[in-house]
2 protein chains.
Amino acid sequence: MTATRSSLPPNTDAADGPARKRGRLGQQEDEVFERIQQAILDHRLPPGTKLKEVPLAETFGVTRGLLRKVLTRLAHARLVDQRPNRGAKVASPSISESRDLFAARRAIEGAIVDIACRRIGARQIRTLRKMIEREQQAYRKDEVRAGLKLSIDFHRVLAEMAGNTVLAGFLDELLTRTPLVILAYKDTRATATGCDCEDHGAIADALEAGDADAAVQIMQKHLEELEGQLNLREEDSTTDLSAIFSR
Amino acid sequence: MTATRSSLPPNTDAADGPARKRGRLGQQEDEVFERIQQAILDHRLPPGTKLKEVPLAETFGVTRGLLRKVLTRLAHARLVDQRPNRGAKVASPSISESRDLFAARRAIEGAIVDIACRRIGARQIRTLRKMIEREQQAYRKDEVRAGLKLSIDFHRVLAEMAGNTVLAGFLDELLTRTPLVILAYKDTRATATGCDCEDHGAIADALEAGDADAAVQIMQKHLEELEGQLNLREEDSTTDLSAIFSR
DNA sequence: CCAAATAAAATTGTTGACAATCCTGTTTTT
DNA sequence: AAAAACAGGATTGTCAACAATTTTATTTGG
């Protein structure tokens, strides 16, 4: 019961009540959205956790109505499951859902890299190289969480460069959901799960050379390897139990 | 002002006031959603039309709160642009947005056909053939609207058969938006815009033969032809004006 | 003791009144 | 006369009380 509350970072404004002075209107909503989203992606709110409106609203010092809107937004992003009259729970991606997600990423990011190869210029290549450099630095310092974030940023920026807003929007949703399934199904034996920087470098090389086919192939192999680091065999890990009984 | 109201089909319950007896709770919300959606897709509510909450709520005999939820859902489906404090307008897909949409369909439906080729069986092939048959009948009877709907159903069912829920969800959004851009940019000189049944047949053939590469290629050519029937050159048609001045 | 029925509590859903913001036409100022 | 300032109405946004539903606890009957 109190787990929901205690596992979230405390909001210093909580005691002031709901009617505190605020900067701009939607500002507050966005902040609550991002704090809950981050808690879900960090597994501080593990999959299946019931998200009750009153405790959450009190935690953040906002009204129930505002929190309700936030929950709907999170449901839209597929980070929470919202069912009529029975509240919202943190989403528990199933194994087949996770596989579908990676298959979708292969299709979409394959297309993105193919398009990017035609539209990209020297300026953009430099930007990508800089991002890869920063990513490598993070991993060298064992800052795994930062590295993973930078790695996701690489994919996101690549989509932006391709310039297809529809594909970029879809990919954005998939990139957001990816950490959730990685934490849920990470193979404990595997080394630190994350993107391989060398692959990113190879993609940049292929893009610079204008070799679309190679870029697509590397990207898809890259994603297959990432999926391969997960334990997505049929139900045999402990996490599966929570997925099965979460409803 | 009253255009919003008069261009929608009248709701017989409107006069009874907001608190009429209803079947199930969410039922009413879904009905309003679908009625407005259909009006947008038919261009009875043309792109750029302001959707005011009070008149719409009265038209359907629902509360403003319910209507507000519906508008948010429509905004999520990208059929409506919702901006804070300045209401909701029917979406006006730009030319580049429309091109992006078709490029996304090529990527996603290419992947779907590829996956379907491996998972599909004789049973499913029969279902597809039956759908194509019905589609041809509709076109032969010059029932263009029905034919277009059946054509979209073909793409939707194919996605379902592939079994990737993530890709199917994305495609569903794109299929819903497609009629909106077709009506907005239909080349008046072209013959009735819609899917070519022969292409659908050829896709079924390739799937039956298990030739994934052929199926993917036909699907992508099919979508390119559909896009080619539209007038997506830079601003020269009258509809562009509304797109430019809609904000 | 278990199961079904029932009562109480907790939780989600809805609404109408109120507040904040934006839009439009008018007046005032330069 | 053009631009800025203002006023009024129209429109969207918010909230707290109320209603409906689900969940939990208790009782009752087999």
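Okay, residues lined up against (1) crowded, with 17+ Cβ neighbours inside 10 Å; (2) in contact with a helix residue (DSSP H, G or I) (Cβ under 9 Å, 6 or more places away or on another chain); (3) of a type in the set (V, I, T):
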| site | (1), (2), (3) |
| --- | --- |
| B:V70 | yes, yes, yes |
| B:R78 | yes, yes, no |
| B:D81 | yes, yes, no |
| B:I95 | yes, yes, yes |
| B:R105 | yes, yes, no |
| B:R118 | no, yes, no |
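Checking every residue in the range B:144-152 against the condition of being open to solvent by less than 30 Å² (accessible area, probe 1.4 Å) and among the polar types (S, T, N, Q) gives at least one match.
In this structure, is B:D81 under 25 Å from A:K69 (Cα atoms), modelled with pLDDT of 50 or more and assigned to a helix (DSSP H, G or I)? In short, no.
When the residues of the range A:59-70 are filtered to those that are part of a helix (DSSP H, G or I) and in contact (Cβ under 8 Å) with a residue 24 or more places away in the chain, the one that is nearest to the other protein chains (Cβ to nearest Cβ) is A:K69.
Considering B:L174, B:L207, the condition of being touching a helix residue (DSSP H, G or I) at 6+ places or on another chain (Cβ under 6 Å) and within 14 Å of chain A (Cβ to nearest Cβ) is satisfied by B:L174 alone. Taking the conditions (1) in a helix (DSSP H, G or I); (2) surrounded by fewer than 16 Cβ atoms within 10 Å (Cβ to Cβ); (3) within 16 Å of DNA strand C (Cβ to nearest atom) in turn, A:E34 satisfies each one other than (3). So which pairs qualify, if the first residue must be in the range A:79-96 and away from chain B (no Cβ under 14 Å), the second must be modelled with pLDDT under 95, the Cβ gap must be under 6 Å, and the two must be at least 6 apart or on different chains? From the range A:79-96, the pairs are A:S92/A:A243; A:S92/A:S246. When the criteria are applied in full, A:L180 fails the requirement of being away from chain B (no Cβ under 14 Å) and among the hydrophobic types (A, V, I, L, M, F, W, C).
The condition (being touching a residue at least 40 places away in the same chain (Cβ under 8 Å) and open to solvent by 10 Å² or more (accessible area, probe 1.4 Å)) is satisfied by just one residue among A:G163, A:G169: A:G163.
Residues that are more than 10 Å from DNA strand D (Cβ to nearest atom), free of Cβ contacts under 8 Å to residues at least 12 places away in the same chain, assigned to a loop (DSSP other than H, G, I, E, B) and more than 25 Å from A:K149 (Cβ to Cβ) do not occur anywhere in the range A:42-58.
Each row is one residue, and each column tells you yes or no for (1) more than 16 Å from DNA strand C (Cβ to nearest atom); (2) modelled with pLDDT of 95 or more; (3) within 30 Å of B:P84 (Cβ to Cβ); (4) touching a Lys or Arg at 6+ places or on another chain (Cβ under 6 Å).
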| site | (1), (2), (3), (4) |
| --- | --- |
| A:R44 | yes, yes, yes, no |
| A:K52 | no, yes, yes, no |
| A:T63 | no, yes, yes, no |
| A:A75 | no, yes, yes, no |
| A:P93 | yes, yes, no, no |
| A:E97 | yes, yes, no, no |
| A:D114 | yes, yes, no, no |
| A:E135 | yes, no, no, no |
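Among the conditions (1) more than 12 Å from DNA strand D (Cβ to nearest atom); (2) at pLDDT 95 or above; (3) not in a strand (DSSP E or B), the only one that A:P10 does not satisfy is (2). Of the residues A:A116, A:A91, A:A159, A:A104, only one is over 26 Å from B:A107 (Cα atoms), of a type in the set (G, A, S) and more than 16 Å from DNA strand D (Cβ to nearest atom); which? Only one candidate passes the filter, namely A:A91. Is it the case that A:F154 is under 17 Å from A:R105 (Cα atoms) and away from chain B (no Cβ under 13 Å)? Yes, satisfied.
The values are calculated or read from the model by the stated rules, or taken from the named source; none is laboratory data. Treat the numbers as computed from the prediction; the structure is a model and nothing was measured. Glycine also receives a Cβ, built like all others from the backbone with ideal geometry; neighbour counts cover every protein chain displayed. Accessible surface areas use protein heavy atoms only, side chains included; no ligands, DNA or RNA. Shrake-Rupley method; radii C 1.70, N 1.55, O 1.52, S 1.80 Å.
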